[in-house]
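The values are calculated or read from the model by the stated rules, or taken from the named source; none is laboratory data. Keep in mind that this is a model prediction, so the values were computed, not measured. Cβ coordinates were reconstructed from backbone atoms using ideal geometry, including for glycine residues, and neighbour counts include every protein chain displayed. Quick note on the areas: whole protein, heavy atoms, side chains included, nothing else; ligands and nucleic acids left out. Shrake-Rupley method; radii C 1.70, N 1.55, O 1.52, S 1.80 Å.
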Amino acid sequence: YTPFEFAITSALKKGANDIRVRVWDPTDDGYQPRGKQVNRPEGIWYTPVSGIWQTVWLEAVPQQYIKEVKTTPDLDRKLFRVETAACGAQPGDVIEVRLYDNGTKGAEGRALSGAPVELNVAEPKLWSPASPFLYDMEVALVRNGRKVDEVQSYTAMRKFSIGRDENDIVRLELNNEPLFQFGPLDQGWWPDGLYTAPSDEALAFDVVKTKELGYNMIRKHVKVEPARWYYHCDKLGMIVWQDMPNGDQGPQWQMHNYFNGAEKHRSAESEANFRKEWKEIIDCLYSVPSIGVWVPFNEAWGQFKAPEIAEWTKAYDPSRLVNPASGGNHYLTGDILDTHHYPHPRMTLLDTNRATVLGEYGGIGLVMKEHLWEPDRNWGYVRLNSPKEVTDEYEKYADMLYKLIGRGFAAAVYTQTTDVEVEVNGLMTYDRKVMKVEPERIRRINERICNALNK
């Protein structure tokens, strides 16, 4: 048990009628991860969130039960590695795993509890944005031939890597093929619940709209979503770049060169908290097929010991790519060099040993008067007057980006999915009621970008 689980279990065993959780949050007065929450919101910094924003549930389980399932696909060896954690397991207990392809059993395997199960699939169906195939999976804890617990899940066969093209440019690859990854910066904020979406349909809505607009990737910006959001990405075929929510204070920021300044020195408590929570995020989301990139730092927000953190992340999960610091500060570590440039695309650095990406650009603003967080205080990197003007400017930037793909860009992130509070540079309004671009034109533009590396 975690301390929280132990406290809940103990309270229930004692016959508690209700359970109250009290949390104190210093927001930006503390060092803990907080994303963009601040005590004094303005500009790109938003209203602090109160309450529990992740999914919470109580579940009755037997005394011996499967607590965790961790799945790693290995495309090159054509197998899945499934690791489980079982509470109350005894010597001789067995873990059985079965994979199903649209209801037909595709593979099965078994091992003693505590040992990994490997499932060989001779002709695996691959997951991709064009074909997001998911295998259903059953995992059972078996004792003396009898199932004492069983859970259902899903997984996908896919591989994220980097490789060189015929011009010796380092590209992002999916399933051993180059793919230009292109998507919006998605902050996951809502005008009513702030960090909390009003419903599962709302969580799905943003992903569906992103897919309809022709993108193949989403950068989840300094926030971790409920598990259902990642399920929608898995199901719809949206690659996810997952940021670590920032905390503490930032060092000097050098955006467009390799860093040679003074790093932030966190306290021992702050550093330990970052490492603990980053590990917990990776553990929680490890089996999500759509996550292709871990991003431990954004710009210089709370950045410290960046090479060490990047190298630890890669060693802890070698199945994914590591973007050490989206937008700087830059060190020769990880798989990706990520620069930011507003408003239009520009290549300020090129790395010959890592994939070079444009981690943020755009920010084209449009004020929709009946759909504002604050009527008299709003901004965008560029301010235009109609969806046509916004789409024209978007297309101009896309043409610039397309040319830079040939020069070395391997991915790009457009700011942003929706307006957020006083930011009015979204593809949609904050309330999700109005598209601020011409959707069909945007889809055609985006498909051209996403297919730029297709042979």
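Is it the case, given these coordinates, that GLY250 is surrounded by 21 or more Cβ atoms within 10 Å (Cβ to Cβ) and assigned to a loop (DSSP other than H, G, I, E, B)? No. Against the conditions (1) closer than 27 Å to GLU447 by Cα; (2) surrounded by 15 or more Cβ atoms within 10 Å (Cβ to Cβ), LEU141 satisfies every one except (1). Of all the listed residues (HIS256, HIS265), the sole one being over 23 Å from GLY188 (Cα atoms) and in contact (Cβ under 8 Å) with a residue 60 or more places away in the chain is HIS256. Entry remark, the stretch 407-455: residues being open to solvent by 10 Å² or more (accessible area, probe 1.4 Å) and small (Gly, Ala, Ser) number 1 in total. Here GLN249 passes the criteria (1) at pLDDT below 95; (2) at positive phi except the one numbered (2).
Residues that are open to solvent by 30 Å² or more (accessible area, probe 1.4 Å) and more than 28 Å from GLY363 (Cα to Cα) occur in the stretch 176-195; there is at least one.
Which residues, taken from the stretch 160-192, are of a type in the set (A, V, I, L, M), more than 18 Å from the chain's Cα centre (by Cα) and assigned to a strand (DSSP E or B)? Correct list: ILE162, VAL170. Residues in the stretch 208-221 include at least one that is more than 27 Å from VAL38 (Cβ to Cβ), aromatic (Phe, Trp, Tyr) and over 12 Å from the mean Cα position of the chain (by Cα).
Cβ separations smaller than 9 Å between residues 6+ apart or across chains give the following pairs from the stretch 401-415 residues that are within 13 Å of MET347 (Cβ to Cβ) and of a type in the set (A, V, I, L, M, F, W, C) to residues that are open to solvent by less than 10 Å² (accessible area, probe 1.4 Å) and in a helix (DSSP H, G or I): LEU401/ILE449; ILE405/ILE449; PHE409/LEU401; ALA412/LEU401; ALA412/ILE405; ALA412/ILE449.
When you scan the stretch 279-286, do you find a residue that is of a type outside the set (Asp, Glu) and over 22 Å from LYS159 (Cα atoms), even just one? For the stretch 279-286, residues of a type outside the set (Asp, Glu) and over 22 Å from LYS159 (Cα atoms): absent. Screening the stretch 126-138 for residues that are open to solvent by 40 Å² or more (accessible area, probe 1.4 Å) and out of contact with any Leu (no Cβ under 9 Å at 6 or more places or on another chain) and picking the one that is nearest to LYS211 (Cα to Cα) gives ALA130. Please specify each residue of the stretch 280-325 satisfying the condition of being over 18 Å from LEU358 (Cβ atoms) and among the β-branched types (Val, Ile, Thr). Within the stretch 280-325, ILE281, ILE282, VAL288, ILE291, ILE309, THR313 qualify. When we screen ARG143, ARG171, ARG164, ARG158 for residues that are closer than 28 Å to GLY35 by Cβ and modelled with pLDDT of 95 or more, the only hit is ARG158.
Being touching a Phe, Trp or Tyr at 6+ places or on another chain (Cβ under 7 Å) and not acidic (Asp, Glu) holds for only one residue in LEU179, LEU99, and it is LEU99. The set of residues in the stretch 333-359 that are out of contact with any strand residue (DSSP E or B) (no Cβ under 7 Å at 6 or more places or on another chain) and either within 14 Å of ALA411 (Cα to Cα) or hydrophobic (A, V, I, L, M, F, W, C) (or both) contains only ARG346.
When ARG40 is tested against the conditions (1) more than 22 Å from SER270 (Cβ to Cβ); (2) free of Cβ contacts under 8 Å to residues at least 12 places away in the same chain, the lone failure is (1). Scanning the stretch 109-159 for residues being part of a strand (DSSP E or B) and more than 28 Å from PHE180 (Cα to Cα) gives a total of 24.
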